[in-house]
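To start, the structure itself, in structure tokens.
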Amino acid sequence: MRRGMLDYDALMHHARNPDDVLAQTFARVMVAVARGTLAAPGIGMGLDRTRFGALVACYFPGADVQLFGTRCDPAAPCADCTPVPSDEFDDLVQLLLEHRSDDAEQTEWLAYAVASGCMGGDHLYQDMGLPDRQALSDMMARHFGTLTAKNSANMKWKKFLYKQLCDRAEVRACSAPSCQVCADYQKCFGPEDDSGLGALAVASGRAARETQPV
């Protein structure tokens, strides 16, 4: 299947549980990565062939998912399915995995989905196809609890995640002495509007958001 041919509705037709928020999220992120809306490295949200095949089998059994001209069959490895190294992407995944709430495979896959969402141009909840910022915060609290606790001031999630990377690297990304006195405070902590439709809403053929973001 050529890039751009993966379809959200066709994928959800095979969903084990179409009402599962994780299934919906994975489907939307997978579609956006396949279509180039999110620039995650390699195939399937940056996962290697085996792990991506396991995700598809778990959430979308029977789906004939093909990315970049190759079927996602974990029993048939190929050289061109190894994720392309990306320091930024890998650092985001590592940060998320360090704060995972459990050892479930689904949580690892979600870390890659969140990192993929960070590669988009809209707010993170939009790039992951979630209805609003609260839905993303709830998902983060459930699966990456200690990281959510660190975001006690409710900073916008993309900015917060990248700030964590800067802090770890001891890189000062902002010249203000504190967030409270920064002239750009609203850019980091203000409400996230639903301008446009969000990259994934467009990618998955949705005409408009059904709920208003906070």
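The values are calculated or read from the model by the stated rules, or taken from the named source; none is laboratory data. Predicted model only: the values in this text are computed from it and were never measured. Note that each Cβ is placed from the backbone with ideal geometry, even for glycine, and that neighbours are counted across all protein chains shown.
I'd like the full set of residues that are at pLDDT 95 or above and part of a loop (DSSP other than H, G, I, E, B), limited to the range 15-37.
Correct list: Ala15, Arg16, Asn17, Pro18, Asp19, Asp20.
Can you tell which of Arg209, Arg142 is modelled with pLDDT under 90, at negative phi and basic (Lys, Arg)?
On inspection, the qualifying residue turns out to be Arg209.
What helices (runs of 4 or more DSSP H), lying completely within the range 114-162, carry at least 2 residues that are in contact with a strand residue (DSSP E or B) (Cβ under 7 Å, 6 or more places away or on another chain)?
Filter on the range 114-162 gives an empty set.
Looking only at the range 118-141, decide whether some residue is among the hydroxyl-bearing types (Ser, Thr, Tyr) and more than 29 Å from Ala57 (Cα to Cα).
No, because not a single residue in the range 118-141 is among the hydroxyl-bearing types (Ser, Thr, Tyr) and more than 29 Å from Ala57 (Cα to Cα).
Check the range 65-73 and report whether any residue there is over 15 Å from Val33 (Cβ atoms) and either of a type in the set (A, V, I, L, M) or modelled with pLDDT of 90 or more (or both).
No - not one qualifying residue is present in the range 65-73.
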